[in-house]
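Just below is one structure, and these are the notes that go with it.
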Amino acid sequence: MTLTHKKELRSKIRCKTSAMSDSRREYEAQAVVDLLCRYISTQEVKIMAMFYPMKDEINILPLADFAFKEGVRVLMPRMEAGAESRMEFYDFSPEKISQGSWGVMEPVQGEPVGADEIDLMIVPGVAFTPKGERMGRGKGYYDRYLGREGFRAQTIGVCYAHQLIESLPVEAHDKRVDKVFCVKLEAK
């Protein structure tokens, strides 16, 4: 699949996301957070990396509150734009974040946590397949991070129901996630 086809697929999915009602977004996000909370409570997770959702991403922020109550250390990414395009994960504190280079809320201070220290990572995406294939925004931040030496965390992709599709264009550098959590919508 060409880059043009990927852009078209991203555009179609973003249009579907934009067309969602606020109540539908909230319902699906809460259902995914509930799944994540139940899952985490059955695992030994000391350090969890997650993301601060952009406008078109599923809102998993309530997961951070649950994790804090469970004694789980929560990390969020900070991206560096430019030639290196690196992403590192830092301790998350709701009071110590600001808008970063891509318009995403990011931790503003601290030292990066090593990729080998993370137990669980919640991964965003524009689309996923049931097999864990993932299509991101096209910058490669997560693919590079998931491919780092020493990275060992279990990965869970999260998405709205319409973002889970049967197949995606996959390239050699694309990294899969171990599981995908979304709401299975019932036919009407």
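Just so it is clear, none of the values below were taken in a lab; they were calculated from the coordinates. No experiment lies behind these values; they were computed from the predicted model shown. FYI the Cβ positions are ideal-geometry reconstructions off the backbone, even for glycines, and counts take in every protein chain you see.
Table for the structure above
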quantity	calculated
Straight-distance crosslink candidates among lysines, where the alpha carbon sits under 27 Å from LYS16 and sequence neighbours closer than 8 are dropped	LYS6, LYS7, LYS55, LYS131, LYS139, LYS175, LYS179, LYS184, LYS188
Whether the stretch 1-55 is rounded, prolate or oblate, judged on the alpha carbon gyration tensor where a/c under 1.5 counts as rounded	oblate
Angstrom value of the Kirkwood radius, inverse mean 1/r, which spans all Cα pairs in the stretch 63-120	12.2 Å
Global size of the stretch 112-174 as Cα Rg and Dmax, reported in angstrom	12.0, 36
Packing rank of 14-22, 33-41, where each peptide gets the mean count of other beta carbons within 10 Å, highest leading	33-41, 14-22
Mean projected area in nm² (Cα convex hull; one quarter of hull surface) for the stretch 61-188	9.3 nm²
The stretch 1-139 - Rg (one decimal) and Dmax (whole number), Cα, Å	15.8, 45
Low-density loop cleavage sites - chymotrypsin sites (Phe, Trp or Tyr not before Pro) in the stretch 45-114, where at most 15 other Cβ are within 10 Å (DSSP)	TRP102
The stretch 15-65: relative contact order as a whole-number percent, Cα under 8 Å and 6+ apart	46 percent
